[in-house]
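**Q** Got a structure here, written out as structure tokens. Questions coming.
The values are calculated or read from the model by the stated rules, or taken from the named source; none is laboratory data. What you see is a predicted model; the values in this text were computed from it and never measured. Counting neighbours? That spans all protein chains shown, and the Cβs are built from the backbone with ideal geometry, glycine included.
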Amino acid sequence: MSGLASRSVDAKRSEDARMESAASQVAALLAIDPVGLVGAVLRGPADPKRDEWLEALRKLLPAGVPWRRVPLGIADGRLLGGLDLAASLSAGRPIAQAGLLAEADGGMIILPMAERVESQLIARIAAVLDSGVLRIAREGISMARATRFGVIALDEGVGDDEQVTEALSDRLAFRIEFDPAALQRAAPVMPTRVEIEAARRRLMQVRIPADLPQAFCAAALALGIPSLRAPVFALRCARAAAALAGRMEVTHEDAALAAQLILAPRARQVPEAPAEEPEQPPEQQQESSNAETQQREEQPSLEDLVLAAAQASLPAGLLAGLGVAARQMARQAAASGRSGMMRRSAQRGRPIGARPAAWRAGLRLALVETLRVAAPWQEYRRREKPHHAALVHIRREDVRIRRYKQNSETTTIFLVDASGSAALHRLAEAKGAVELLLADCYVRRDRVAVIAFRGRGAEVLLEPTHSLVRAKRSLAALPGGGGTPLAAGIVAGYAMAEASRKRGQTPVIVALTDGRANVTRDGLGGRAVAESEALESARLFRASGIAALLIDTAPRPQPFSRDLASAMGARYVPLPFADAARMSATVRQAARAPASGP
Amino acid sequence: MDGAVAGFRPANRSGQEAQLSRRTAQRPSGEKISKAVASPMRPAYPFSAIVGQDEMKRALMIAAVDPSIGGVLVFGDRGTGKSTAVRSLAALLPEMAVVAGCPFACDPAAPLASCSHCSALPKGRKPEKRMVPVPVVDLPLGTTEDRLAGALDIERALAQGVKAFEPGLLAAAHRGFLYIDEVNLLEDHLVDLLLDVAASGENVVEREGISLRHPARFVLIGSGNPEEGELRPQLLDRFGLSVEVSTPKDLASRVEVVCRRDAYDRDAPGFMKQWAKEEARTRETILAGRKRLSSVTLPLGTIEQAATLCMALGTDGLRGELTLVRAARALAALDGDLEVRTVHLRSVAASALRHRLRRNPLDETVATTRVEKALEDVFGA
């Protein structure tokens, strides 16, 4: 590392200066190759500076290219295209209307509040980005139309767990941390539209050094970037940078810039220091960055240069952020696609569109949607049944019902360690705390379930129920004693949580254990194996994104319990001296904010 | 906003004589596409130029050789060429013969009795035949069920007073492939419709006074990213083969992916030309495999092995065995073997069985490992 650093001091200084105006660089590069580089994530609060950046980008793009904002809750009909209701009604035949994505062909779409965009919308946009074709089959319209647009995602999330999903950010070349103050410092030197156009004409003629793809790939691997889109983007970025500078060949400078702009923001790990690192005199470095192609063999490898450049601009606190990234992944896995958590409901909650269904009592009719479906048929139906006096002919298959999304009922699953060691310590207190919690659950009309693990395995004492009495009874009867099959307990808790999620409920697991795992999943003894199995199960559990709370009931807080909690993604609460009432208060707090981590 | 936007013509107005008008928009060489072009369409990235991902390519080729396998599910990381592979498959498929003018692309050798067009043709005379590309139909997200199942052609109903059925994507995919990208994000009511049709091979339409059924047998291909959500078990079960793709881990393959991608981006036609020979070879392999398929023998011993394997893994029902054996046979045909052997069984076992294992709730990620372990137990290392 030190070798790399000392060798690239000069390079770094100039890079620092360039990073100051990274945002304006990005705008220029994007304007040169909007198809190849696709777009950027701008992270930061809504700010006039951000609007200025957008305006600057717009000025660099050819005059009059489409520029469309995509509102957060846009309906499919507007996004993809569909039936033009008003025109169809007046014409008496279906008239199609182009969607926003078709309108944006050749230009840019802007996604405000991109951190909150739903995966359904992302998937629709991504399909066009990936294939370059907008495919539609809806409301009587079928077509496939070549469509290309860039995407600017405005990520206004605060905090690490509020970010644009990777499904989108992976497909956009650039990420800019938008710090308005930094922009103020640097006077952005923007190229003119004419310069951009010249660069664009040059773009496809720009040659790349033969070892550049290898250098980008190796650097991406070293930085722990799994997606292959990163080196592809880096290559395109380097080419655009060369074209902008008026070069016909990508130089080391361009490669370094690409590494900074594309690779560094995606880094997931700090690369290990290379084993052998020959000290390079600064002169040689100087020479190499100006070197010609034929000399490439003798230069310090391009690979090192690219890596050093990326490393120089790694986001601060990368390592600290890694845990966050993992949590975010788990959260995304949990939040999207699956049923449960947010439940689709027929009657209550936030409207999320309409769907065809046989109408029955209790469903909400989506009147406008229904009329929209029926509209083009009116003339035909009137002709078919001329004596029918109805003003509007609506048939059963037209009926659309509203769908709603609502926060679902919570199922609190108590995972109680009833082993001998726990019993010794505080099983009685744990029981007391659970009873208090049961009272809370009753007030909130939550469901509760109880799983105990002791001896050779886990046992479901109580399936999810509203019945407080049954829960109390099953707890009171809970005997203590035997080994601690912690892994089996976690698996049983997960299985139940997953089942309740499938039924549309939000599970919260409250595990009470002293962490003294000593029984394996096969029911055999052995502390080492049992602990590693418990950690393994905990890691798999975490991927599910189910909210959990681990209460350490041991007399002194156990390091292993803490590790276990972090492996599970659970909030860790050591309760060496707490009484049942305080325990209850803690759980209540966790249940109220199940998504936030420790 | 009027209907004059380029390419946005709501319905087929080709003025065909036929009572039923076959849509061409989804056909690879459809006339509508060329009319609709705004940005230029690029040729699909060649199948043979995809680096690695052998399991995925093999599964797709197996499905191309024997459509009765029942579809392929491709699940895995972003940016691994899932949809690229499926879209490029279209270019490899040999043309198929259809009855000229038949809206459902009936096979002239065996026109279906349920087809209203072909059953109305004069008996005793061979129907006129036409060669068309095998359809690879995209089912885009946001599709409405009238376009999936088909509906009354309202333009013709209004203009000519004819009650004409306008076939949907299911009809367009008949005898070909139906591809759903991000299959785990597909709307529930479309999944239901799809499951029903995939199971029966027939699409039943009852709307706007139209009452009709038409054949819809297709190879269902789905792709998605497991992070975006799970697949309903009923749908999972419809796929014969399930493959997992991940980004290549070794530097050499990664560099190769990036270089080829770059070459394609810079000069797509040139890249196509460069790979034309390789593509022709792959096409030849598929064609030869198809021809050979019926003559590949399946020894009793191999069937027993397949059954033993499925029992060892505890797969539900018999679909596992059946798919495993069929896939092994298709692979043997592709490899130029005339007998299914253990090696074929082993190669396809993971694809055919990994999605049929009874789930251990926390063990989903290691389904492949379980299949491999069972393979070792049954066949020895």
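**Q** In the stretch B:152-167, which residues are more than 7 Å from every other protein chain (Cβ to nearest Cβ) and either under 18 Å from A:G82 (Cβ atoms) or assigned to a helix (DSSP H, G or I) (or both)?
**A** Those that are more than 7 Å from every other protein chain (Cβ to nearest Cβ) and either under 18 Å from A:G82 (Cβ atoms) or assigned to a helix (DSSP H, G or I) (or both): B:L152, B:D153, B:R156, B:A159, B:Q160, B:E166.
**Q** Among the residues of the stretch A:228-246, is any aliphatic (A, V, I, L, M), within 14 Å of chain B (Cβ to nearest Cβ), assigned to a loop (DSSP other than H, G, I, E, B) and farther than 23 Å from A:P191 by Cβ?
**A** There is at least one residue in the stretch A:228-246 that is aliphatic (A, V, I, L, M), within 14 Å of chain B (Cβ to nearest Cβ), assigned to a loop (DSSP other than H, G, I, E, B) and farther than 23 Å from A:P191 by Cβ.
**Q** Now a separate question. Might you let me know whether the stretch B:111-126 holds any residue that is under 18 Å from the mean Cα position of the chain (by Cα), hydrophobic (A, V, I, L, M, F, W, C) and within 25 Å of B:P167 (Cα to Cα)?
**A** Looking for residues that are under 18 Å from the mean Cα position of the chain (by Cα), hydrophobic (A, V, I, L, M, F, W, C) and within 25 Å of B:P167 (Cα to Cα), one finds none in the stretch B:111-126, hence no.
**Q** Among the residues of the stretch A:199-234, write down those that are of a type in the set (S, T, N, Q) and over 25 Å from the mean Cα position of the chain (by Cα).
**A** A:Q205, A:Q214 - these are the residues of the stretch A:199-234 that are of a type in the set (S, T, N, Q) and over 25 Å from the mean Cα position of the chain (by Cα).
**Q** Still on this structure: How about the stretch B:63-77: which of its residues are in contact with a strand residue (DSSP E or B) (Cβ under 7 Å, 6 or more places away or on another chain) and in a helix (DSSP H, G or I)?
**A** B:A63, B:P67, B:I69
**Q** Right, next: Between B:E278, B:E202, which is under 30 Å from B:R356 (Cβ atoms), in contact with a Pro (Cβ under 8 Å, 6 or more places away or on another chain) and more than 12 Å from chain A (Cβ to nearest Cβ)?
**A** B:E202
**Q** Output the number of the condition that A:P48 fails; it satisfies all remaining conditions of (1) in contact with a Cys (Cβ under 8 Å, 6 or more places away or on another chain); (2) modelled with pLDDT under 85.
**A** Unmet for A:P48, out of (1) in contact with a Cys (Cβ under 8 Å, 6 or more places away or on another chain); (2) modelled with pLDDT under 85: (1).
**Q** Based on what the data block shows, is B:L121 part of a helix (DSSP H, G or I) and among the hydrophobic types (A, V, I, L, M, F, W, C)?
**A** no
**Q** Name every residue in the stretch B:91-117 that is buried (at least 21 other Cβ atoms within 10 Å of the Cβ) and of a type in the set (A, V, I, L, M, F, W, C), in order of residue number.
**A** Passing the criteria: B:L92, B:V98, B:V99, B:C102, B:F104, B:A105, B:C106, B:C115.
**Q** Which count do you get for residues in the stretch B:77-135 that are of a type in the set (A, V, I, L, M), touching an Asp or Glu at 6+ places or on another chain (Cβ under 8 Å) and over 18 Å from B:M61 (Cα atoms)?
**A** Going through the stretch B:77-135 one residue at a time, the tally reaches 6.
**Q** Further question on the same structure: Take the stretch B:216-262 and flag every residue that is of a type in the set (D, E) and modelled with pLDDT under 85.
**A** Correct list: B:E227, B:E228, B:E230, B:D237.
**Q** Say whether the condition of being within 8 Å of chain B (Cβ to nearest Cβ) and under 28 Å from the mean Cα position of the chain (by Cα) is met by at least one residue in the stretch A:162-169.
**A** yes
**Q** A follow-up question, please. Out of curiosity, is A:A86 in a helix (DSSP H, G or I) and in contact with a helix residue (DSSP H, G or I) (Cβ under 8 Å, 6 or more places away or on another chain)?
**A** When the stated conditions are applied, A:A86 does not pass them.
**Q** Considering every residue within the stretch A:97-118, establish whether at least one is within 12 Å of chain B (Cβ to nearest Cβ), in contact with a helix residue (DSSP H, G or I) (Cβ under 6 Å, 6 or more places away or on another chain) and in contact (Cβ under 8 Å) with a residue 60 or more places away in the chain.
**A** No, because not a single residue in the stretch A:97-118 is within 12 Å of chain B (Cβ to nearest Cβ), in contact with a helix residue (DSSP H, G or I) (Cβ under 6 Å, 6 or more places away or on another chain) and in contact (Cβ under 8 Å) with a residue 60 or more places away in the chain.
**Q** Looking only at residues in the stretch B:181-217 that are in contact with a Gly (Cβ under 6 Å, 6 or more places away or on another chain) and more than 24 Å from A:L129 (Cα to Cα), which one is surrounded by the most Cβ atoms within 10 Å (Cβ to Cβ)?
**A** By that ranking, first place goes to B:V205.
**Q** Does the stretch B:244-253 contain at least one residue that is hydrophobic (A, V, I, L, M, F, W, C), more than 28 Å from B:A330 (Cβ to Cβ), facing another protein chain (nearest Cβ under 10 Å) and without any contact (Cβ under 8 Å) to a residue 40 or more places away in the chain?
**A** Yes, the stretch B:244-253 contains at least one residue that is hydrophobic (A, V, I, L, M, F, W, C), more than 28 Å from B:A330 (Cβ to Cβ), facing another protein chain (nearest Cβ under 10 Å) and without any contact (Cβ under 8 Å) to a residue 40 or more places away in the chain.
**Q** OK, next. Quick one: which residue in A:S500, A:S474 is of a type in the set (S, T, Y) and either more than 34 Å from the chain's Cα centre (by Cα) or modelled with pLDDT of 85 or more (or both)?
**A** A:S474
**Q** Additional query: How many residues are more than 10 Å from chain A (Cβ to nearest Cβ), of a type in the set (A, V, I, L, M) and closer than 17 Å to B:L112 by Cβ when one looks only at the stretch B:168-197?
**A** Final tally of qualifying residues: 4.
**Q** Follow-up. B:K249 passes all but one of (1) of a type outside the set (S, T, N, Q); (2) in a loop (DSSP other than H, G, I, E, B); (3) touching a strand residue (DSSP E or B) at 6+ places or on another chain (Cβ under 9 Å); which number fails?
**A** (3)
**Q** Do any helices (runs of 4 or more DSSP H) lying entirely in the stretch B:268-381 carry at least 1 residues that are modelled with pLDDT of 85 or more, and which ones are they?
**A** B:268-293, B:300-313, B:319-335, B:342-353
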